[in-house]
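Data first, discussion second: the structure below is written as structure tokens.
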Amino acid sequence: MTNISGISKLKFSALIDMGDSGYSPYTSAIPQEAQGAGLVETARGTLGHWIRIRNGHILNYQIVAPTTWNFSPRDAKGQPGAL
């Protein structure tokens, strides 16, 4: 991985392979039953993904973006979202 801190946009664009679409097909078998979650801190706040698979099909997939957290209504304790 290339460290891009301090590299100008022009130099950074030279690092990108313009012939590469960035797409790689998913080739592993989809499990019959599974669930997972992923959380990451972004510049605007926490980004969350949740998934449940049943009988080899996606039963539920949910994304909660930073905007959702920041502008959320009051929680169970009466505390408002960040904004």
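What follows is calculated from the coordinates using simple rules that are stated; it is not laboratory data. For clarity, every value in this text was computed on a predicted model and none was experimentally measured. Don't worry about glycine lacking a Cβ; one is built from the backbone with ideal geometry, like all the others, and counts go over all protein chains shown.
Annotations
- Rg(Cα) / (2.2 N^0.38 Å) computed for region 20-83, rounded to two decimals: 1.50
- Separation in nanometres of the label points that stand 7 Å from Cα toward Cβ, at Ser72 and Thr27: 4.0
- Extreme residue, positive dipole direction of region 32-83, given options Gly36, Gln62, Pro80 (C-beta unit charges): Pro80
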